[in-house]
Amino acid sequence: RIVYVNGDYLPEEEAKVSIFDRGFLMADGVYEVTSVLDGKLVDFDGHAKRLERSLKELDLVAPVTMDELLTIHRELVARNDLEEGGVYLQITRGAPADRDFVFPDPAETKATIVLFTQAKNLANSPAVQKGISVISIEDQRWARRDIKTVQLLYPSMGKMMAKAAGADDAWMVEDGQVTEGTSNNAYIVKGGKIITRQLSNDILHGITRAAVLRLAKEAQMEVEERGFTIEEAQQADEAFITSATTFVQPVVSIDGATIGKGEAGPVALRLREIYIDESRKKAI
Ligand code: PLP
């Protein structure tokens, strides 16, 4: 695999960053994952805009422009012959002379940028028809989940808790209401209405979420942005998640309770289809 590090395209085993990089020492960095369909980037613009926002919130100065970033994404997709999967991008605050809690002066320490591709079946994922099972866990992440930082230890622990319970993923709960999945946004469907938590600092503003809600409204489906409890979700007609790497993925069980008929629901499957159709058409 060819990866990108600070201006160079290299075989992955030759790519190196400093042990003093603040991404490594302090999780001081942000990332994006953009999906690739038919060798093209899905909603690059949405990801670039969210990246700029994450960087700004952390006073991080990008080492490249967003135009250059698009070129790097495309070059990496081409060099790796990637037809379907994702491009992972990470920008960290670089490697100052020594470890220090205080941010280094951006004039003296340049941010580190790394990109690599991951091949994956996205459009024909086998998990779609079967649906996934989730457990609920307490949301113990920090309070700025709207910033897409590389601080992913708690979500990783959540996936491990799910695995230990024989489930596929975990939905996190705060003050009695679901925030989101470990690496995706969470939804339920009740009487045809799509319900998902409103945007705030409590959740990541999913790029797939924005597209799916827009498409749902365009298809005359009703959307309500509000929190919901695990009990309400267990009694819903359907449940699903969205993310750049799963698109729309049906959820068929929550804490052992079967959702609806225990199979992929019609609203989730329809949204998935229109999302993939549009993404293929608009990918660049
Ligand atoms: N929520 C969290 C916590 C995530 O980590 C992700 C994706 O990584 C999402 C939601 C979905 O965001 P997107 O649709 O932009 O991939």
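Just so it is clear, none of the values below were taken in a lab; they were calculated from the coordinates. Everything numeric here is computed off the predicted structure, so don't read it as measured data. Here the Cβ positions follow ideal geometry from the backbone for every residue, glycine too, while neighbour counts run over all protein chains shown.
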- Using a basic spin-label model with each label point 7 Å from the Cα along Cα→Cβ, how many nm lie between residue 25 and residue 175? 3.7 nm
- Span-like helices, the chain: DSSP H, alpha-carbon axial extent 15 Å or more, mean Kyte-Doolittle -0.5 or greater, which ones? 66-79, 153-164, 207-218
- Taking only the alpha carbons of region 2-119, what extent do you get along each of the three principal axes, in Å, biggest first? 44, 31, 20
- Message: Multiplying the sequence separation of residue 219 and residue 53 by 0.36 nm and subtracting their Cα-Cα distance, what value in nm do you get?
- Response: 56.8 nm
- Note on the structure: Expressed in nanometres to one decimal, the distance between label points 7 Å along Cα→Cβ at residue 118 and residue 273 is 2.9 nm
- Message: Given a Förster distance of 22 Å, report the FRET efficiency between residue 144 and residue 67 from their Cβ-Cβ distance, rounded to the nearest 0.05.
- Response: 0.20
- Task: Please work out how much length the chain gains when fully extended from residue 10 to residue 164, using 0.36 nm per residue of separation minus the C-alpha to C-alpha distance, in nm with one decimal.
- Result: 51.7 nm
- Query: How many percent of Cα pairs in the chain exceed 24 Å?
  - Reply: 52 percent
- Message: Quick check on my link table: of 16/110; 193/217; 49/120; 110/148; 130/261; 40/282, which ones sit more than 18 Å apart, alpha carbon to alpha carbon?
- Response: 49/120; 110/148
- Message: What does the extension gain come out to for residue 100 and residue 156, with contour length at 0.36 nm per residue minus their alpha carbon separation?
- Response: 17.5 nm
- Item | Sorted peptide list for 179-192, 97-110, criterion being average Cβ within 10 angstrom, highest first | 179-192, 97-110
- Message: In whole Å, what are the extents of region 192-284 along the principal axes defined by its C-alpha atoms, from largest to smallest?
- Response: 41, 31, 26
